[in-house]
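K.L.:
Below you'll find the structure I mean.
The values are calculated or read from the model by the stated rules, or taken from the named source; none is laboratory data. Keep in mind the model is a prediction, meaning the values are calculated, not measured. Here the Cβ positions follow ideal geometry from the backbone for every residue, glycine too, while neighbour counts run over all protein chains shown.
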Amino acid sequence: MSERYVAHYLFTPLVYLDEHNHPVPGLAERWEISDDRRVYTFHLNPRATYSNGTPVHASDVVFTLEKIKDSVNASEFASSFEHLDLKGTKAIGTTTVLVVFRTALATQLESFAEVRVLPEAVYGKGAFRDDFHDRAIGSGPYTLAVRESGRIVVERREHYWRDKPHIQRVVFRVIDDFGTAWRALKIGEVDESYVPSVAWERERTTPDVLRRRLAFREFLAPSYTCVAWNARRSLLRDKRVRRALAMSVDANKFVALHSGTARPLTGPFTLGHDAYNRAVPPIPYAPQEAKRMLAELGWRDTDGDGVLDKAGTAFRFTLLVPNKSTESYAALIQAAMKRVGIIVDLQTMDFASALDRIQSNNYDATYYTWNLDADPDLYTLFHSSQRSETGNNFVWYSNAEVDSLLERARVATDAATRRALQHRIHEIIADEQPYSWYMQVTSKWGFAEKVHGVRVSPLAGLFLWYPGEFDWWLQPET
């Protein structure tokens, strides 16, 4: 996810999404869509150039789509172009491209906001996956100036073909702890940062912070925190086990830690979106009922050591924690499970290493935060076809009815029909608990007083929409 923030500066997508999630011109200045919504004709801006000065060609769009479709590259956006017909997709001249699909998806146009067009003349040479880690040639408003451990620097293109952003140079610092990032903001080492809920509640109005004259933004982000259960593990395969695990933890304790800035969730959509099914009841906190359910499945404390066991094996699993800042939440889960008789071993590691473990299916369970699109399509997360070492269905979930609902929802262009399908998806998945959902937390950010022009999209928040960060500007120093 984090790399998308940098890519947003370096690459102009075929279309941008504005603050209301409406497609607006990006590389394509205009487009036509066939009546059956299977054929998209994009007309590229003839002034569009890459950072090396060469023009953007329609053939580059075709090349990029081929790379997205190529299973060797394991693109995170491959599922959005699953039905792409590469044989019918072609460049017409230098600035027009015809993109053809075998099936029409409801959010297909929006998916082009993730198509970062690459120049074939550059990326078509050498090893595509290995030769471009330290350089980037894109059509965006910035160029990659520095890429080193813990720090990335981008600089505004002097001859950018669209309206230039206001800020000349942007430095991304990698700080793997929210508390550390907040302290860096307070002492002026960074100009913008996420603010932890505890700091938001306790420090935002203290004399020290008021003296520094920081500005703040808070909004309900389309993301949630949860535990994902790997159903490929025999211990976690039965939905009754997963429900018992969910019942063992008091989700309200997580919400309480955020001092009124979090809301409990019941399923895979977020509050504020029509797809969220408010009729779905929350999993109750009922540890004794959880123990009874597990006993029915053969998990009992047969030797009196306080740990459930079955056929001589203790009920034990490892909870992967991909961010040091969330260790306290994982510790809450660990303590709650212990009271039920379950041993939870915590393993904290950096996000990149944890992601490798998750994607290779080398984990039992993981506590993490998932970000949804403004109009979410859960196909990649829960469709059985997406179960693989490179797919997003890394919990190995499979349900034939959910598969059918997901397939129908992604092609339903009628909003009411789509919402009804999504509500049923929510209901089933909430019952089967491939994830245990805990909360949706408001996203809280702090800015140095010199940063101006910051606006919040009601669907996307601060980032990854247009103009978004490109409208920010810095007050001149006096």
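K.L.:
Does Asp163 meet the test of being among the acidic types (Asp, Glu), within 19 Å of Phe63 (Cα to Cα), more than 24 Å from the chain's Cα centre (by Cα) and not assigned by TED's automatic domain parsing to the domain that holds Asn45?
P.N.:
Numbers: among the acidic types (Asp, Glu): yes; within 19 Å of Phe63 (Cα to Cα): no; more than 24 Å from the chain's Cα centre (by Cα): yes; not assigned by TED's automatic domain parsing to the domain that holds Asn45: yes.
When the stated conditions are applied, Asp163 does not pass them.
K.L.:
A further question on this structure: Go through the stretch 345-365 and count every residue that is touching a residue at least 12 places away in the same chain (Cβ under 8 Å) and outside any helix (DSSP H, G or I).
P.N.:
11
K.L.:
Same structure, new question: Name every residue in the stretch 305-330 that is over 23 Å from Phe394 (Cα atoms) and of a type in the set (A, V, I, L, M), in order of residue number.
P.N.:
Across the stretch 305-330, the qualifying residues are Val307, Leu308, Ala311, Ala314.
K.L.:
Right, here's the next one. Residue by residue through the stretch 338-372, note down the ones that are in contact with a helix residue (DSSP H, G or I) (Cβ under 8 Å, 6 or more places away or on another chain) and of a type in the set (Lys, Arg).
P.N.:
Listed by number, the list holds a single entry, Arg339.
K.L.:
Further question on the same structure: Can you find a residue that is surrounded by 19 or more Cβ atoms within 10 Å (Cβ to Cβ) and closer than 17 Å to Pro268 by Cα anywhere in the stretch 407-414?
P.N.:
Yes, some residue in the stretch 407-414 is surrounded by 19 or more Cβ atoms within 10 Å (Cβ to Cβ) and closer than 17 Å to Pro268 by Cα.
K.L.:
Separate question: Residues Val171, Val209: which one is out of contact with any His (no Cβ under 9 Å at 6 or more places or on another chain) and surrounded by 14 or more Cβ atoms within 10 Å (Cβ to Cβ)?
P.N.:
Values: Val171 fails: surrounded by 14 or more Cβ atoms within 10 Å (Cβ to Cβ).
Checking each option against the conditions leaves just Val209.
K.L.:
Which residues, counting only those in the stretch 205-219, are among the aliphatic types (A, V, I, L, M) and modelled with pLDDT under 85?
P.N.:
Val209, Leu210
K.L.:
Something else now. Could you grab me the full set of residues in the stretch 319-339 that are exposed (fewer than 15 other Cβ atoms within 10 Å of the Cβ), in contact (Cβ under 8 Å) with a residue 40 or more places away in the chain and either outside the structural domain of Tyr363 (by TED's automatic domain parsing) or closer than 15 Å to Leu245 by Cα (or both)?
P.N.:
Within the stretch 319-339, Arg339 is the sole residue that qualifies.
K.L.:
Please verify whether the stretch 346-353 includes one or more residues that are of a type in the set (Ser, Thr, Tyr), within 23 Å of Ser223 (Cβ to Cβ) and within 21 Å of the chain's Cα centre (by Cα).
P.N.:
Looking for residues that are of a type in the set (Ser, Thr, Tyr), within 23 Å of Ser223 (Cβ to Cβ) and within 21 Å of the chain's Cα centre (by Cα), one finds at least one in the stretch 346-353, hence yes.
K.L.:
Another one. Any chance you could count how many residues in the stretch 41-78 are crowded, with 16+ Cβ neighbours inside 10 Å, without any contact (Cβ under 8 Å) to a residue 60 or more places away in the chain and among the polar types (S, T, N, Q)?
P.N.:
3
K.L.:
May I pose another question? Exactly one condition in (1) in contact with a helix residue (DSSP H, G or I) (Cβ under 8 Å, 6 or more places away or on another chain); (2) at pLDDT 90 or above is not met by Asn392; state its number.
P.N.:
Of (1) in contact with a helix residue (DSSP H, G or I) (Cβ under 8 Å, 6 or more places away or on another chain); (2) at pLDDT 90 or above, only one is false for Asn392: (2).
K.L.:
A follow-up question, please. What number of residues in the stretch 105-152 are surrounded by fewer than 17 Cβ atoms within 10 Å (Cβ to Cβ), over 19 Å from Ala58 (Cα atoms) and hydrophobic (A, V, I, L, M, F, W, C)?
P.N.:
Of the residues in the stretch 105-152, 5 are surrounded by fewer than 17 Cβ atoms within 10 Å (Cβ to Cβ), over 19 Å from Ala58 (Cα atoms) and hydrophobic (A, V, I, L, M, F, W, C).
K.L.:
Let me ask another. In the stretch 153-162, how many are in contact (Cβ under 8 Å) with a residue 60 or more places away in the chain and either in contact with a Pro (Cβ under 9 Å, 6 or more places away or on another chain) or surrounded by 16 or more Cβ atoms within 10 Å (Cβ to Cβ) (or both)?
P.N.:
So the answer is 4.
K.L.:
So, in the stretch 186-204, exactly how many residues are more than 20 Å from the chain's Cα centre (by Cα), at pLDDT below 90 and assigned to a loop (DSSP other than H, G, I, E, B)?
P.N.:
Total satisfying the criteria: 2.
K.L.:
I've got another one for you. For the structure I just gave you, tell me whether Arg292 is over 22 Å from Phe254 (Cβ atoms) and under 31 Å from the mean Cα position of the chain (by Cα).
P.N.:
No: the conditions fail for Arg292.
K.L.:
Which pairs turn up if I take residues in the stretch 366-378 that are free of Cβ contacts under 8 Å to residues at least 24 places away in the same chain and look for partners that are surrounded by fewer than 19 Cβ atoms within 10 Å (Cβ to Cβ) with beta carbon separation below 7 Å, at least 6 apart in sequence or on another chain?
P.N.:
Close Cβ pairs satisfying both conditions: none exist.
K.L.:
Going by the conditions given, is Thr270 free of Cβ contacts under 8 Å to residues at least 12 places away in the same chain and part of a loop (DSSP other than H, G, I, E, B)? Steps first, please.
P.N.:
Working: free of Cβ contacts under 8 Å to residues at least 12 places away in the same chain: no; part of a loop (DSSP other than H, G, I, E, B): yes.
Here the answer is no, as Thr270 does not meet what is asked.
K.L.:
Test of understanding: among Trp445, Trp473, Trp465, which residue is surrounded by 20 or more Cβ atoms within 10 Å (Cβ to Cβ), out of contact with any helix residue (DSSP H, G or I) (no Cβ under 8 Å at 6 or more places or on another chain), more than 30 Å from Asp36 (Cβ to Cβ) and of a type outside the set (Ser, Thr, Tyr)?
P.N.:
Trp445
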